[in-house]
Structures are given as C-alpha cells and as structure tokens.
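Okay, structure first, notes after.
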Amino acid sequence: MKRIFLTGLLTFMLLSPSTGGQITVADRTVYICTGGYSKRYHSTPDCGGLNNCKGDIKAISLSSAQKKGRTPCKICF
C-alpha cells in the first residue's frame, strides 16, 4: 500500500504545474527529415509524411525537435 501511495505522490509531483505551467513528461524519440524545407517531426520513421524527404531521416528527442522549431506531423500525431 505504501508503494502505491509513494508512486502516486511521485507521479503527482512530476506532473504538477510548478514547472511554469508546463506538464513534465519523459522526452521521447521522434523522427525528422534533414532536408532543407522540412518543418515537421514524426512519431515513426515510416510515416507517410516522410515519403518526400529529400534528406536523411534522423531520430532525435522531442525537445530537440521543438527547439529547432519543428511542429508535429498532422498524419501521425
């Protein structure tokens, strides 16, 4: 019972809005096209949104993709 309570408390603390109103979540891997006109990030490397990629498909962290100004793909997100 203590373990369940402590797990719930830890989860609550991690998701609390004390981080400037943002919810803290684990950083996940997303996929981007390295082509010059690419603007989106994708949940899988075989997303249809990557079919016309003129560069390489690269796995990066979600936070890195967002820092680069990428937005979520409308097909896979």
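Descriptive notes on the structure:
- Qualifying positions in region 30-57 - outside any loop (DSSP other than H, G, I, E, B) and surrounded by fewer than 14 Cβ atoms within 10 Å (Cβ to Cβ): Gly48
- Looking only at region 58-76, residues that are assigned to a loop (DSSP other than H, G, I, E, B) and open to solvent by 70 Å² or more (accessible area, probe 1.4 Å) come to 3 in all.
- Inter-residue pairs, beta-carbon under 7 Å, first on the phi > 0 side of the Ramachandran plot and in region 66-77, second open to solvent by less than 100 Å² (accessible area, probe 1.4 Å) and not in a loop (DSSP other than H, G, I, E, B), 6+ apart: none
The values are calculated or read from the model by the stated rules, or taken from the named source; none is laboratory data. These numbers were taken from a predicted model, which means no experiment stands behind them. All Cβ positions, glycine included, derive from the backbone under ideal geometry; neighbour counts span all protein chains shown. The accessibility values were calculated without ligands, DNA or RNA, using every heavy atom of the protein model including side chains. Shrake-Rupley method; radii C 1.70, N 1.55, O 1.52, S 1.80 Å.
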